[in-house]
Amino acid sequence: KAKMGQRAFRELQALSKHVDVAILTGRPTSFVLPMVSGANVRVIGLHGNRRPAATCRLRKMCGVAKKQLAHIKGILLEKKPTGFAVHYRNVSPAAQAAAERAILKLAKKLRARVIRGRKCIELLPPRAKTKADALEAIMQTNPQRRVLYVGDDQSDCEAILKMKQYVNFTGALVRSSEVRATGITK
């Protein structure tokens, strides 16, 4: 249900007239493209993963998750072409920490790659890309280019930390009560 506001769109459109702009998201590219239609913006969806995950393994992982997490009221499983996200935003505040622990325990059992989001944990096959991997690929395509990356969730924090090694990289994290960013300094 995420939407881009008109003001954000206008700012993005204006910015894209002066610099190359890319949106790196865990959502499918097809979900984001209609929101940025008319702006000169590159969209990299699904954390840079292009090929669907092995459907048999993905189906098995999702089935196990559905059974293992069924007892937690408010859990929502979102199937994606490359994995699935377990949202715990609608879990009661008192049970959210326990839900997060259960999801991470399940991810370990499934040997899944974990991507943390805003009250959401995405489980992917072990070799799947993260935002950090996709961002590093962008950095390596032109090592001289200055890159400013702005994010708002834990996966963005992890990407920023990984890119600190590049002198032409600047990362900014928009803090919120839903993100426990660690390792980021002002």
For residue 43, residues with placed amide H under 5 Å, excluding near neighbours: 23
Using the per-residue mean of other Cβ atoms lying within 10 Å as a proxy for protection, in what order, highest first, do the peptides 10-23, 91-104, 130-143, 112-125 fall? 112-125, 130-143, 91-104, 10-23
What percentage of the solvent-accessible surface of segment 1-150, computed with a 1.4 Å probe over protein heavy atoms, is contributed by carbon and sulfur atoms? 54 percent
Could you check the spin-label model distance between residue 14 and residue 95? Points 7 Å from the Cα along Cα→Cβ, value in nm. 4.5 nm
Amide H contacts under 5 Å for residue 171, placed H, 5+ residues apart: 149
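Multiplying the sequence separation of residue 2 and residue 67 by 0.36 nm and subtracting their Cα-Cα distance, what value in nm do you get?
So the chain would gain 20.7 nm between residue 2 and residue 67.
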Would you mind calculating the gained length between residue 167 and residue 133 on full extension (0.36 nm times residue separation, minus the Cα-Cα distance), in nm to one decimal? 10.5 nm
Rg and Dmax of segment 1-69, using alpha carbons, in Å: what are they? 16.2, 49
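The values are calculated or read from the model by the stated rules, or taken from the named source; none is laboratory data. The shown structure was predicted, so the numbers you read here are calculated from the model rather than taken from an experiment. Note: ideal-geometry Cβ built from the backbone for every residue, glycine included; neighbour counts use all protein chains shown. These area figures cover heavy atoms from the full protein model, side chains too; ligands, DNA and RNA do not enter into them. Shrake-Rupley method; radii C 1.70, N 1.55, O 1.52, S 1.80 Å.
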